[in-house]
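Engineer: The structure's right below; bear with me while I get my questions together.
Coordinate-derived values only; no laboratory data. Since the model is a prediction, treat every value here as computed from it, not as a measurement. Cβ placement follows ideal geometry from the backbone for every residue including glycine, while neighbour counts extend to all protein chains displayed.
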Amino acid sequence: MEPNMGRQKAKAMKRRLVELYDDDNEIGRVYRFKVLLPNGTSIGLTVTDPGREMPFRNFIGLVKDEYYRARKQYEPIKQKKHIDWNSDRIYLEDGNSREMRGMIKFDNFNPHKCHILQLHDGSGEIADTFKNMWDLTPDTDLLKELPEEYTFETALADLIDNSLQAIWSNSKNDRRLISVNIVEDRISIFDTGPGMDGSDENSIAKWGKMGASLHRSSKGQAIGGKPPYLRPFFGMFGYGGPIASMHLGRRALVSSKTISSRKVYTLHLEREALLSSSCSELSWKTDGGMRDPLEDEVGKSPHGSFTKVEIFKPKINRLDILQLQCRLKDIYFPYIQCDEVSNSVKTITPIEFQVNGVDLAEIEGGEVAITNLHSCNGPEFVFQLRFFFKQSSASTQSPGSRACQEANARLKCVYLPVIKGKESIEIILEKLEAEGCSTVENYETFSRVSIRRLGRLLPDARWAWLPFMESTPKKRDRAHLLKRCCLRVKCFIETDAGFNPTPSKTDLAHHNPFTTALKNFGNKLLEKEKDVNVEIYRDQKLLTPLQLEREYQEWILHMHDQYDEETECGEDQPVLIVNPANKKALGISSDVIRLHRVLKRKGESWKSGQKIKILKGACAGCHKNNIYAALEYFLLEGFQGDAGGEARIICRPLDVPHDHGCALVENNGDPNFDIRSSLSLPINVIDSGKCVVIENMEWDYQLSKQHQKSPSTIDLLSVKQCQELEVDGALPVDGPVRAGEVPPKEIVAVVRPANFVSSGASKNLDQKHIVKTNLEMSMEVKFRKEVEDLQDCRHIYSVRITPSSRKGFHGLYIFPLGCKFPELFQKAGVYMFSFSVKESTCNNCDKRVLVKASPMVGKWGLLNDEQSTPYRVRVGSCFPPLYLACYDTYDNRIPFKSTPEVMIKLESTKGVLFHVGKRKTGFSSNKFTLEIKDLLIECNELDKIRPSYKATLVICSQDELFSVSIPCQVTPGSLQLVKAQPPIFEKNQLLPGCVAKEFILEMFDACGNHVSQGSEVQLEVEGLHILDQIVSKRRVDNSGCINLGGLLKVTAGYGSKVSLSVLSGHEVLFKKEFQTEERELRLASRVPEFCTAGTELENVVFEIVNSTGEVDEAIHDEKKYGQFHTLTIKSEFSNTEDSIQYIFKHGRCTVLAIPLPQSQGIFCFEASHSCHPELHLSVKVSLVEAPKVKYDEIQSPYSSGKVLLLQDSPSAKLENFMITIEKKIQDEILQIGARNRDLEEALDYLNNKKAEIEQDMSRLQAFVEPCLLNNPNYIPTKEELINRIESTNHSAAAVICSVSKESSFQEQQNHFMKDVVGLVALLGTVRINNLSRILAEYLGEDQMLAVVCRSFAAASALEKYEQNGEVHCRHALHAEASALGKSIKGRFLVVCLEDIRPYTGEFEGSGPQRKLALPHPTFPSGSVPIGFIGYAVNMIDLDIDFLCTRAAAGHGLRETLFYCLLGEVQVYETWEYMLEARHCIKHGAVSLDGGILRDNGVVSLGFGNPQICFPVVAPESVSSAESVEIIKLIEEKKSELRVIIDYIAQLTRSHDKSLKRFNKKKEEYNMLMDDMEPVVEDHHLDYRPNKKNNSDASSC
């Protein structure tokens, strides 16, 4: 996904730069030119940021500098003629013959595209060819796809494919011509397609550059549709043009012109030049040029575009033009003449195809035409197949595109009947032979399957038949007839682009799943074929395979009964037999047969009793040898005059006795016929000349030979006899052989006659001692290890073969042995060969071969015993005893020659872990076994192989020539040592409540290996706590450690001891003790020694200091971070204070007031830390009696509403009390303010998160195809839409559709429809069903059915008016409506392309769809609205037939018609998204769920169901795994965004409430201050007189 994101970002950045510097700033503009010089050379020139114009001489200076720079680099340029750079007549000329002399205006050129300019220096010399004009360097990966084999025919067809695909995109008014001319020194292929020029998007260089063709991407558009699938998108690999032209000749010239260009651009290809530049370091550059079109070219292409490929010095050897014409007609037959694409019965010619001036439509030859001529006129058996991958398989496809997920085929079966006893297939073969189209096929091998792909014949796809065409053997009366008639069927298969061809396009790709499924259609699915589903349709009905088989067989029998013409009668009076027995053996299906003894066939009489010879290959069952037999009867089916009856001959073979031949008997007066051992052969053995009459002498001779062939015994030929046959050796049965001896490739067995005597026979071969028989012989090979062990016998190989001949000898049974089993004699033991002949009296032949082990040592091996591998052993223990054996080079066990010196080591993938030194070795008594025991493992490198502990114990000789590798698992020993890493706490860091962030206990065995995972230990702690609350028993992890990081918390107080111990069993293996830091609570403020009882201690400050006396500022109460540091004060005077906790701030705690008791004496109170009671302090204060005072009650707005004031107390007392009340309210206000701050920070964070998610969603949506946002089940097709339009009554659109279908291309040339493009609804397709519906609603039915014309004149020609102003109903469109039985009522819209103001901006890329480069809508913040899919004008794909449709000014349908209708209408996913983006919508918008916003504030409400919509074509790639993942991410982002939006709403409400509380509390505070002010003033006024009176009293 990242490369795609990079490309899209680069594309967006490029578009932004073009927009920023379009008018005022010219920075970043690059102009590329190809300058053709007068001396026949060419240079490439790049000009960066030149401004709007440049003086002509300055530009010529740049060309001159580049030319001289190139001269230094390329030697050939030095030899060219001089260029007059200072000539007064020098000028430049572009491709449209426009001259440039004064200023070079860069506004006339598109930046970042290559423009071709030709320089004239005034000399009058103009070159036609320019050196290195075109760059044809291909993608190196494409060179791997080149076809292995190429013929003249396939190469020529590749070039014709390019022409056919090009002209197919022509409009109906343009001529579609392919003209091929082949002479001795030149081959020319001319077509009237759209042509090519020098522009980047339509460059002629793409024709010669492998892989650059745009047609390769059109494959998906040719999948589906209506048979015969005439959509010639043959392009698969992109190298057909250059490779084919270079195969046909040494040099090629490509000339091409487009409608918009005045010049013809040329491309030169030379085989030697390309081969010399074919290495990876060089580029493929070739010559080119520009010229004016020739008169011949203009005459062939009236519309002004063409392409001509000329091959010079072609490799032509005795080419027969007529045969080539016939062959090309066969290949492109549906494109030359076809009657399936028109509703009318007549045959049309979709294209003009000429070969050497002859129109191929007028050629009568060719296999297709001859086959069609000789097929019967009866109904054809037609059905369609749809192949597609199952859902599970489709999801695994490389990009999952439609092109690799679906394929369609139409199968049309025609019947080729027998005519007057002769097969139509034989007649076809004879005609092809007469026309010079020789073929090696005969009636039996005739290819009964012909395949076309997209209407193009695949010449090498000549299959015998499909499995469904073969009759299945069933027990039915006409099964044998059905089997014979199936051979008279030929199947023509039309396939679409879902089937892949071979690179040479002569056959279907053999390993393609669809090809395999088609070739095996009718067979039971193999396991590898079950991923492909096949649907069968006939007459638009879905059939099962059994239904298809039944209907096919019924059709064959019907065709046989109606059209086959067999022999009618014999020469004598027949015997009529009803319901004959054993119809299968007779080869008939009729219930009535006629038996004749005399039959006249092709002027010759055949009689019962004649001796005949039936040549091999005459019919089924006669493939191996000639058959000698005697004629008995001639059998005819049905009554005389019945059609479809079969004729057969009944004969008795030579080896069948008379009493076993057929019999005609009467039973109660009814004749009955029994064939018994006689043969029933089809009558065509006589017609084919493969049945001849023989004389009695030959009959007797064959009879005597038959007696001599009685088999007796089976014998094997000796070595000498095998050498005569050039057969490799014979079985070595004479003595033992060593293991490894190569068996003979073949052994030869023969059947000896009864009179054969081996002792008297010659040692040389003699045919008379070999019986020629057709019986099968079988050979069975068995093996046992020991000679004495008769029970342990194993079957190796068995085969059954028929006799063959070699070197003139017949009856040889040549069994493959060494060629099939070259390693047969490698195991020591006895090999037993048994030969037998089935259904014969021959005795079996048994032979034995003894094989002994080789003395050469091959390897050592471990003897398996009850110990299962891999072995498991712990460090410090011993391996179980190991037993080794010695084997020869063929794995036969042999004894050890001497006591070997062994070396034992323990290895892993990371090297040697340990060398084993302690072990004991010894031999068994027979030296067949080497015993190794007491292998002690002491290794400290096991951490390298943990956690699997997989290793290999290697036992090898000292020279390491022989070794045994034993998989094992070596585990660590028991726990012996524990280490702590790192130390638990750093210095001065052991504080109560702290947690060790990193602390690992490493567990080792005695050898220093970490112990195994799962080992259990006991942890004991004191003053510590393990936070995960797991029991004290812990298990070692996969690293051999116990990780307590983040789990070990100090629970002891300040100045306490803590410890950690590790126990294994009851043994303490590890113990560590620590002490926590010391802290002290002390008074920081002075407490008076004497205080008045009933008063308060004010502003008492406590602080906590460390051991050095410094205040510990880390003791700071922060509840939200989990730090609780408060002070509690307790005294005997009152226990209510212990519920009050005073907060520590940075190590200090200030108590505003501590109330004192009312009585005098010693007052003690204790201050302590609420969480750490060890931090405490006792304070003593002496209390004295307080003076007696009187209290008044005054109203107060605080608490209970009353405030107690001392009348005669000092003013400081009152002020302190008021400060306390004020402080209380201030604290509440500050608390509410802090909450407001927290809420505002949370809202800021959520808003930022919301913006981030929206930006992520916008970026993700840029990677998702629009089709993935909505994937409906139903997809309306173009054909359904046309039928729907035609069904509308009284509409011009219905008439337009009917006229377009009825009139052919030639008929429209002088028709009023000539410049009619079509209807709006049929000119494009969309990929989403909902989009089709909503765009149809937006445009309305009148605009969807609007008629599109090229010019206003064409629109005016649709109607004529009479003098009274009424429509002339007998002219133009109304006349056609009347001829079709229709009428046009009301008005209809007509769009004139030439009068539309086109889109003038840039385009996206250089693809054929030419989508408009419209900027995405954005908010003022720069973000793209969520749910934006694209612009409607770009979401309509132009139909393939209208991609090249242009207005007179050269503009296409998108920038004229659809931009006029839709403008910049935006498309969104949902109505909600569209409303959110309303401020970004200027020209209207639609949403896929049915919303419509038009411009100028108009909104369309309600719901519509339009009947006329754009056709919906499924995208080539419905979805990919990456796109599905992106959609999942988008859905997750949407869900997260909804949660955040809800949370923002909740916090906003909470913030509003909190703000109200703040304002309310603030108002209360102000009121309190206002209310308390007069109270304080009154108090001061009252207090002063009392004080004065007291003083007066005291003075008295």
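Engineer: Mind giving me the FRET efficiency for Ala70 and Ser188? R0 is 35 Å, r the Cβ-Cβ distance, nearest 0.05 is fine.
Structural biologist: Values: r = 34 Å, r/R0 = 0.97.
E between Ala70 and Ser188, to the nearest 0.05, is 0.55.
Engineer: Work out, step by step, the length gained on full extension between Ala1153 and Ile694: first 0.36 nm times the residue separation, then minus their alpha carbon distance; give nm to one decimal.
Structural biologist: Full-extension gain reported as 150.7 nm.
Engineer: Could you work out how much longer the chain between Asn1283 and Lys1180 gets when fully extended? Use 0.36 nm per residue separation minus the Cα distance between them, nm to one decimal.
Structural biologist: Values: separation 103, 0.36 × 103 = 37.08 nm, distance 10.91 nm.
That works out to 26.2 nm of additional length.
Engineer: Another question, if that's okay. From a point 7 Å beyond the Cα of Glu362 in the direction of its Cβ, which residues of region 292-310 have a backbone N at a distance under 18 Å?
Structural biologist: It comes to 300, nothing else.
Engineer: Take the cross-link list Lys944/Lys1071; Lys412/Lys541; Lys483/Lys807; Lys64/Lys113; Lys905/Lys950; Lys782/Lys820 and give me the ones stretching past 26 Å between alpha-carbons.
Structural biologist: Lys944/Lys1071; Lys483/Lys807
Engineer: Please report the projected area of region 736-889's Cα convex hull averaged over all directions, in nm². Kindly include the intermediate steps, with their values, before the conclusion.
Structural biologist: Working: hull surface 55.1 nm².
Here the figure is 13.8 nm², rounded to one decimal.
Engineer: Which of the GluC sites (Glu not before Pro) found in region 823-926 are in a DSSP loop and have at most 16 neighbouring Cβ atoms, other than their own, within 10 Å? Let's see the in-between values first.
Structural biologist: Numbers: sites: Glu823, Glu839, Glu866, Glu901, Glu907; in loops: Glu823, Glu839, Glu866, Glu901.
Sites meeting the loop and neighbour criteria: Glu823, Glu839, Glu866, Glu901.
Engineer: Would you please give the FRET efficiency between Phe923 and Lys820, computed as 1/(1 + (r/R0)^6) with r the Cβ-Cβ distance and R0 = 35 Å, to the nearest 0.05? Present the calculation step by step, with values, prior to reporting the outcome.
Structural biologist: Values: r = 41 Å, r/R0 = 1.16.
Calculated value: 0.30.
Engineer: Please compare each pair in Lys745/Lys852; Lys1278/Lys1534; Lys745/Lys785; Lys422/Lys611; Lys519/Lys1278; Lys1145/Lys1224 to a cut-off of 26 Å on the Cα-Cα distance and tell me which ones are over it.
Structural biologist: On the way: Lys745/Lys852 20 Å; Lys1278/Lys1534 36 Å; Lys745/Lys785 23 Å; Lys422/Lys611 24 Å; Lys519/Lys1278 31 Å; Lys1145/Lys1224 18 Å.
Cα-Cα > 26 Å for Lys1278/Lys1534; Lys519/Lys1278; rest within.
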